[in-house]
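See below for the structure under consideration.
The values are calculated or read from the model by the stated rules, or taken from the named source; none is laboratory data. This one's a predicted model, so the numbers in the text were calculated from it and none came from an experiment. FYI the Cβ positions are ideal-geometry reconstructions off the backbone, even for glycines, and counts take in every protein chain you see. Accessible surface areas use protein heavy atoms only, side chains included; no ligands, DNA or RNA. Shrake-Rupley method; radii C 1.70, N 1.55, O 1.52, S 1.80 Å.
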Amino acid sequence: MVSAVFHSPRALPVAPASPAASTAASHVPASAPTSAEPTAAGGAATGSAEPGPAHPSRPPRDWSGLAVKLLAPTAGLALLIGIWALLTMKEGTGFPTPLQTWQAAVALFSDPFYSNGPNDQGIGWNVLFSLQRVAMGFGLAALVGIPLGFALGRFAFFNQMVSPIVSLLRPVSPLAWLPIGLLVFKSANPAAIWTIFICSIWPMIINTAVGVQRVPQDYLNVARVLNLSEWKVITRILFPAVLPYMLTGVRLSVGTAWLVIVAAEMLTGGVGIGFWVWDEWNNLNVAHIIIAIFVIGIVGLLLEQALVAVARRFSFE
């Protein structure tokens, strides 16, 4: 048998198994491990068939944490309504109770998109018109502010030249820009969009510039060694690193824009949630004013949460 191992297979044909060998193989104990079965030590099988990967068990749901997340906001809202009810228990205050406000809200939202003329439209149309102005002013601010922030963070001379102007104009009250818009555009709607633009551009400029300045210098040194163009440096290195800072500026800008549009529409008139609040005050309808406050807060919260979801989606951490 030893000589058969070292000879060519063509030289010596394979001999059939002897009866002794087959008899010995038939007396192998059943408990002996074979090559296709795992060993007693629990190792993997050495044959061609390998066991599949074990599926990890699903972690148990944290019901206590979920209860805290649900109960805490509910308790806070209940506390607010309770204080409100206590303060309005006495008649003659002129302030509606929570029940009266709820009844007014049910009647108001039963037909939120009615239209009885340019100055008498449902609250749904007023919210949509305000969102349209916010979208236009915010979009223009993003188109100008984000590239300007990249330039401020990238070029030191340009930063030293423009930073004093930004520091001077950023603290100006939003409504101070409204007369300038009325003077230039001769119309209330472009003036309101201008006010949103000029007030929401500063967070995007500042946060984008700070993000560019905090990019590690090693990244830029590698780009210089590879002789990358400025466009590739911006798109391949700066943009992924600056994106979290930029989205933070966008969140702040949206909050500022939604805050400003209410005050601007109170002064310019027309159709919008700010004008609707002022019109309800002229009608001494305090319940509708409270409803508008809740609507403004809910819409602002939804805008912020949408941008938070976008920031998490594009986070590189």
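So that you can scan it fast, the table gives a plain yes or no per residue for (1) under 16 Å from Asn126 (Cα atoms); (2) aliphatic (A, V, I, L, M); (3) open to solvent by less than 20 Å² (accessible area, probe 1.4 Å); (4) within 22 Å of the chain's Cα centre (by Cα):
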site: Val233; (1), (2), (3), (4): no, yes, yes, no
site: Pro244; (1), (2), (3), (4): no, no, no, yes
site: Leu247; (1), (2), (3), (4): no, yes, no, yes
site: Leu259; (1), (2), (3), (4): yes, yes, no, yes
site: Thr268; (1), (2), (3), (4): yes, no, no, no
site: Asn282; (1), (2), (3), (4): no, no, no, no
site: Ile289; (1), (2), (3), (4): yes, yes, no, no
site: Val295; (1), (2), (3), (4): yes, yes, no, yes
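When segment 270-280 is limited to residues that are among the aliphatic types (A, V, I, L, M) and assigned to a helix (DSSP H, G or I), the one that is surrounded by the fewest Cβ atoms within 10 Å (Cβ to Cβ) turns out to be Val277. Tallying residues that are farther than 18 Å from Ile293 by Cβ and either in contact with a Gly (Cβ under 8 Å, 6 or more places away or on another chain) or surrounded by 10 or more Cβ atoms within 10 Å (Cβ to Cβ) (or both) within segment 83-117 yields 4.
Among the criteria (1) touching a helix residue (DSSP H, G or I) at 6+ places or on another chain (Cβ under 7 Å); (2) modelled with pLDDT of 90 or more; (3) closer than 30 Å to Gly274 by Cα, the one Thr208 does not fulfil is (3).
Applying the set (1) in a helix (DSSP H, G or I); (2) of a type outside the set (Lys, Arg); (3) surrounded by 11 or more Cβ atoms within 10 Å (Cβ to Cβ) to Phe157 leaves exactly one unmet item: (3). Screening Ala192, Ala156, Ala209, Ala151 for residues that are small (Gly, Ala, Ser) and within 23 Å of Val262 (Cβ to Cβ) leaves exactly one candidate, Ala192. Cβ-Cβ contacts under 6 Å between residues 6 or more apart (or on different chains), taken from a first residue in segment 76-96 that is free of Cβ contacts under 8 Å to residues at least 60 places away in the same chain to a second residue that is open to solvent by 70 Å² or more (accessible area, probe 1.4 Å), are listed as Thr88/Phe95.
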